[in-house]
Amino acid sequence: MGGQGDVEGALAQYLRLHRSSVAKAAIEDELSLLRRVRDHATIIAIVEQLPPELRTDAARLHAARASLQLGDAESAAAWAAKVRTGSSEAREGMLVLGQALKALGRGAEARRIFDQLAGGNDEIAAQARAER
């Protein structure tokens, strides 16, 4: 299947959709594509440039994960802390926050977060248990 040209074409199409009625869905798809191709710097650049009404919890989580992948734990913590508690991204946002705090040497805070997440039986709980 496709190569680099396909990714570039898709990204150009997503950029056009940023100003449409499907902008939030298009941005989520775009950020997911960039995550799959491991273009972490572009993820952060896109989320930073989004207007506030398009900076969703999913976009913040993408930026947090990308920052962590680039070794910028401080930015990862800042992005993850902005993921709203009641959102569907909240548990993963807390996991990324814990990972960022751990990377910043704030082990006690990170452990509290991992302990809070570890009680479930989902993938986030399993990752949290592995981080403790």
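The values are calculated or read from the model by the stated rules, or taken from the named source; none is laboratory data. Since the model is a prediction, treat every value here as computed from it, not as a measurement. Note that each Cβ is placed from the backbone with ideal geometry, even for glycine, and that neighbours are counted across all protein chains shown. All accessible areas refer to the heavy atoms of the entire protein, side chains included, with ligands and DNA or RNA removed. Shrake-Rupley method; radii C 1.70, N 1.55, O 1.52, S 1.80 Å.
Here are the numbers for this structure:
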{"item": "Residue ID - farthest from V83 (Cα to Cα), chosen from residues in region 119-132 that are open to solvent by 10 Å² or more (accessible area, probe 1.4 Å) and among the hydrophobic types (A, V, I, L, M, F, W, C)", "result": "A130"}
{"item": "Matching helices (runs of 4 or more DSSP H) fully within region 70-128 where at least 1 residues are more than 20 Å from L34 (Cβ to Cβ) and touching a Gly at 6+ places or on another chain (Cβ under 7 Å)", "result": "107-117"}
{"item": "Hey, E48 open to solvent by 20 Å² or more (accessible area, probe 1.4 Å), closer than 20 Å to A26 by Cα and not β-branched (V, I, T) or not", "result": "yes"}
{"item": "Exclusive hit being under 24 Å from A103 (Cβ atoms), among the basic types (K, R) and in contact (Cβ under 8 Å) with a residue 24 or more places away in the chain, set R55, R38", "result": "R38"}
{"item": "Considering residues of region 1-32 that are assigned to a loop (DSSP other than H, G, I, E, B) and closer than 23 Å to E89 by Cβ only, the residue modelled with the lowest pLDDT", "result": "H18"}
{"item": "Meets criteria (over 25 Å from G105 (Cα atoms) and without any contact (Cβ under 8 Å) to a residue 40 or more places away in the chain) for T85", "result": "no"}
{"item": "Selection count, region 15-65, where residues are on the phi > 0 side of the Ramachandran plot and touching a Leu at 6+ places or on another chain (Cβ under 6 Å)", "result": "0"}
{"item": "Flag if R132 is out of contact with any helix residue (DSSP H, G or I) (no Cβ under 7 Å at 6 or more places or on another chain), among the basic types (K, R) and more than 17 Å from V47 (Cβ to Cβ)", "result": "no"}
{"item": "L101, sole failed condition from (1) within 20 Å of E28 (Cβ to Cβ); (2) of a type in the set (A, V, I, L, M); (3) surrounded by 23 or more Cβ atoms within 10 Å (Cβ to Cβ)", "result": "(1)"}
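The rows are residues; the columns are (1) more than 15 Å from the chain's Cα centre (by Cα); (2) open to solvent by 10 Å² or more (accessible area, probe 1.4 Å).
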| residue | (1), (2) |
| --- | --- |
| V22 | yes, yes |
| S32 | no, yes |
| R35 | no, yes |
| R38 | no, yes |
| S67 | no, no |
| Q116 | yes, yes |
